[in-house]
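Novice: Here you go, one structure.
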Amino acid sequence: MSAGGLCARCGAALPASGVCVRCLYERELPPLVLGGSIEVEDEIGRGGMGAVYRAQHRGLGRRVAVKFLPPALAAQTAFRERFAREARALGRLDHPHIVGVHDCGEEDGQPYIVMEYVDGAPLAAQMPLPVDRALAIGAQVCDALAYAHAHGVVHRDIKPDNILVDAAGRVKVADFGIARLVDGDARLITAPEQTAGTPHYQSPEALAGAPPDPRMDLYALGVVLYQLITGRLPLGDFAPLPGRLDGVVRRALATDPARRYRDADEMRRALQGAAPAPATTLPPDERTWIYAVALLQAISCAVALWALLLSVSPRVVAPGEVLPLIMIPGERLADGRIVSWARFETWPTLAALATFVVAITAYGALRWHWRRAGIEEHAPDRRVPEARLVLYTGFLSCAVYVIGRLVKPLDMLVSTYLPLIGGVIEIVALLLLWVSILEAWRIGRPLRREPALWIGFALAIAAPISEFFVYLSRWHPE
C-alpha cells in the first residue's frame, strides 16, 4: 500500500479503505502480509473509523481481524493520533465481552490494528429480539462497560453496529475508536466543542460537547435496549416497554445525568431484576390476582345460575302477582291461582347483571396489568395445568352424587350433608374453570385445545342438572 493514494504493488488507485482489492484477490500476486506475519484476506466490515478485514496470523496460527485507517484520515495528524489512541485504549482492556487487541503498526504509512476476530454478527442485523434475550445482552454490555469505565475508558459510541454477538451468543463490544481516556494523564484529542459518536445514541450533554462521562454510555445503552426490543428508536413520547424494563430504560435515558444509574454495575443489577418470570410459572402475587379475578367470575356465574334457576322453577302465584312483560301466565287452578312455569325474576336478574359488570371490570383491569407487567405471552402449545383439576373435580362431583343416591334411603344424616358438599364442589369447579380460562387467555392458548376442561365441567354440572330435571318431572301444584 502507499500513502499517496496508489497501490505500491500494482499502481492502481486505492479505495477509501486504503487497501487494494485487486492485490488481495488476484492469484498471481502474493497476498498482502502485514508485519511479516499477518496475511490479509477479505473485508468484513466498514465504519467511520476505517475498514475491517479478516486475516490470518501466521505466527499465532489463528484468525484475526485487521482494521485500517482510511488514507484520507491517515493524512490528518489528529485522526492518526485518535486511531493510535483506539489501539492503546483497547490494548489495556482485557475482558471477555470486549474485543481484544493483539497488535498495532503501520504498513507503507497506513496505520492498522490487529484485533480479536469475532465469528458473529452485529446486533443491528438481529433486531428486534425477545425481551429475555435483550436483557441478557444488556447485562453483558453493562459488564463490559463497568470494566472499561473502571480503567478510565468511556466508549462514547455504543450502538447496535458496535455490539457483536458471536456464534455462542456471547456479546463483544467493539470499536473504541472514539473512546476517550478520562484519567488525568490522558491528552484530549477531541476539542471540547466537538462531539463524537452517532447522534441518535448520544446523550444531551454529549451533543452539547460536555466532557466524557461513563453515564453517556449508559444513555446510549438505554437507546440500544429500546431499539433491540421494539425495532424503533425512543423518539419523542415513545411507547412503554413491558414490565419493569420500561422503568430501567427510562432511567437510563434521563436528560439529567444525575438521574441515571450511578454506574454500569447498578444498571446491570436493574436489568437482572427486570427479567420476566419464567415461561412456565408466574410469581405468587400474580397467581393470587388470577385466582381473585377467577373467584369474581365464578361468583358472577353462580349468581346468574341462581337467577336462572329461580326464573325457570315452576311455582304457584296469586293472580295479582302476574305482571305484564314479567311473567307468562300458565295453567289456572280451580282456586284462581296461576301456575308460573317461567318468569323474569327482577331482583335476582339485576343482581346477576351487577356481579357480571364487576367481573368484567376486574378482568379488564387484569388484562391491563398483564400488558404493563409484560406477562402476556404467546404460548399456544403450553397446556393449562388447572384444566386437569377441573376434570378431577367433575369426577368427584359425580362420585358424591352417586353416593348420595345410594345412601339416601339408609342414612338421613349423610344424605342431608352431601348436597352441601356437592354445592361446595360446584363452586370449586367454577373457580378452577375460570382460572383455566384466564390462564389460557394470558398465554394465547385456544380453549378448544383443552378438552379436559370442558369434560370436567360437564361432569361437574351433570349431577345438579339431573336433579333439577328430576325435580321438574315430579313437581305438581299443591
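Novice: For the range 440-450, how many residues meet the condition of being surrounded by fewer than 21 Cβ atoms within 10 Å (Cβ to Cβ) and touching a helix residue (DSSP H, G or I) at 6+ places or on another chain (Cβ under 9 Å)? I'd like the intermediate steps shown before the answer.
Specialist: Of the range 440-450, the ones surrounded by fewer than 21 Cβ atoms within 10 Å (Cβ to Cβ) are 441-444, 446-449.
Then drop every residue that is not touching a helix residue (DSSP H, G or I) at 6+ places or on another chain (Cβ under 9 Å), which leaves 441-442, 446-449.
Counting residues in the range 440-450 that are surrounded by fewer than 21 Cβ atoms within 10 Å (Cβ to Cβ) and touching a helix residue (DSSP H, G or I) at 6+ places or on another chain (Cβ under 9 Å) gives 6.
Novice: Follow-up. Any residue in the range 60-80 that's closer than 11 Å to Tyr112 by Cα: show its pairings with residues that are modelled with pLDDT under 75 and acidic (Asp, Glu) at Cβ separation under 6 Å, as long as the two are six or more apart or on different chains.
Specialist: none
So that you can scan it fast, the table gives a plain yes or no per residue for (1) part of a helix (DSSP H, G or I); (2) at pLDDT 85 or above; (3) touching a His at 6+ places or on another chain (Cβ under 7 Å); (4) in the same structural domain as Tyr363 (by TED's automatic domain parsing):
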position	(1), (2), (3), (4)
Arg382	no, no, no, yes
Val390	yes, yes, no, yes
Gly394	yes, yes, no, yes
Ile421	yes, no, no, yes
Val428	yes, yes, no, yes
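Novice: If we keep just the residues of the range 339-380 that are out of contact with any Ser or Thr (no Cβ under 8 Å at 6 or more places or on another chain) and part of a loop (DSSP other than H, G, I, E, B), which is nearest to Leu472 (Cα to Cα)? Can you show your working first?
Specialist: So in the range 339-380, the residues out of contact with any Ser or Thr (no Cβ under 8 Å at 6 or more places or on another chain) come out as 339-341, 346-347, 350-351, 353-354, 357, 360-380.
Pick out the ones that are also part of a loop (DSSP other than H, G, I, E, B) and you get 341, 374-380.
Values: Trp341: 10, Gly374: 50, Ile375: 47, Glu376: 46, Glu377: 46, His378: 46, Ala379: 45, Pro380: 43 Å.
Once the filter is applied, the top-ranked residue is Trp341.
Novice: Another one. List the residue pairs whose Cβ atoms are under 8 Å apart, where the first residue sits in the range 440-464 and is assigned by TED's automatic domain parsing to the domain that holds Leu430 and closer than 30 Å to Ile421 by Cα, the second is of a type outside the set (Gly, Ala, Ser) and in a loop (DSSP other than H, G, I, E, B), and the two are 6 or more positions apart or on different chains.
Specialist: Cβ pairs passing all conditions: Ala440/Val384; Ala440/Pro446; Ala440/Glu450; Glu450/Arg383; Glu450/Val384; Leu453/Val384.
Novice: Moving to a separate point now. Could you tell me whether any residue of the range 386-399 is farther than 14 Å from Phe457 by Cα, surrounded by 15 or more Cβ atoms within 10 Å (Cβ to Cβ) and touching a residue at least 40 places away in the same chain (Cβ under 8 Å)?
Specialist: No.
Novice: Determine whether the range 403-414 contains at least one residue that is within 11 Å of Phe457 (Cβ to Cβ), of a type in the set (Asp, Glu), modelled with pLDDT under 95 and in the same structural domain as Phe457 (by TED's automatic domain parsing). Outline the logic, then answer.
Specialist: Pass one, the range 403-414, residues within 11 Å of Phe457 (Cβ to Cβ): none.
For the range 403-414, residues within 11 Å of Phe457 (Cβ to Cβ), of a type in the set (Asp, Glu), modelled with pLDDT under 95 and in the same structural domain as Phe457 (by TED's automatic domain parsing): absent.
Novice: Do we find that Arg58 is within 16 Å of Leu228 (Cβ to Cβ), out of contact with any helix residue (DSSP H, G or I) (no Cβ under 7 Å at 6 or more places or on another chain) and basic (Lys, Arg) in this structure?
Specialist: Values: within 16 Å of Leu228 (Cβ to Cβ): no; out of contact with any helix residue (DSSP H, G or I) (no Cβ under 7 Å at 6 or more places or on another chain): yes; basic (Lys, Arg): yes.
Spelling it out, it is not the case that Arg58 is within 16 Å of Leu228 (Cβ to Cβ), out of contact with any helix residue (DSSP H, G or I) (no Cβ under 7 Å at 6 or more places or on another chain) and basic (Lys, Arg).
Novice: Could you list all residues from the range 152-171 that are assigned to a loop (DSSP other than H, G, I, E, B) and closer than 22 Å to Gln202 by Cβ? So that I can check it myself, show each step before the final result.
Specialist: So the first thing to find is which residues in the range 152-171 are assigned to a loop (DSSP other than H, G, I, E, B), and the list is 152, 155-159, 167-170.
Listed by number, the residues that qualify are Gly152, His155, Arg156, Asp157, Ile158, Lys159.
Novice: How many residues does the range 463-473 contain that are among the small types (Gly, Ala, Ser) and closer than 11 Å to Glu426 by Cβ? Give the derivation first.
Specialist: First, pick out the residues of the range 463-473 that are among the small types (Gly, Ala, Ser): 463, 466, 473.
Adding the requirement that they be closer than 11 Å to Glu426 by Cβ leaves 463.
Total meeting the criteria: 1.
Novice: Check whether at least one residue in the range 241-256 is at pLDDT below 95, out of contact with any helix residue (DSSP H, G or I) (no Cβ under 6 Å at 6 or more places or on another chain), aliphatic (A, V, I, L, M) and loosely packed, with under 13 Cβ neighbours inside 10 Å, and report yes or no.
Specialist: Within the range 241-256, none of the residues are at pLDDT below 95, out of contact with any helix residue (DSSP H, G or I) (no Cβ under 6 Å at 6 or more places or on another chain), aliphatic (A, V, I, L, M) and loosely packed, with under 13 Cβ neighbours inside 10 Å.
Novice: Would you mind stating whether Arg54 is of a type in the set (Lys, Arg), surrounded by 14 or more Cβ atoms within 10 Å (Cβ to Cβ) and at pLDDT below 75? Explain how you work it out, then say what you get.
Specialist: On the way: of a type in the set (Lys, Arg): yes; surrounded by 14 or more Cβ atoms within 10 Å (Cβ to Cβ): yes; at pLDDT below 75: no.
Answer is no for this residue.
Novice: Continuing with this model, one more query. Only residues that are small (Gly, Ala, Ser) and either surrounded by fewer than 14 Cβ atoms within 10 Å (Cβ to Cβ) or within 16 Å of Ala387 (Cβ to Cβ) (or both): list them for the range 451-472, please.
Specialist: Just the residues of the range 451-472 that are small (Gly, Ala, Ser), to begin with: 452, 456, 458, 460, 462-463, 466.
Scanning the range 451-472 gives Ala452, Gly456, Ala458, Ala460, Ser466.
The values are calculated or read from the model by the stated rules, or taken from the named source; none is laboratory data. Not measured: the values here are computed from a predicted model. We place every Cβ from the backbone using ideal geometry, glycine too, and count neighbours over all the protein chains shown.
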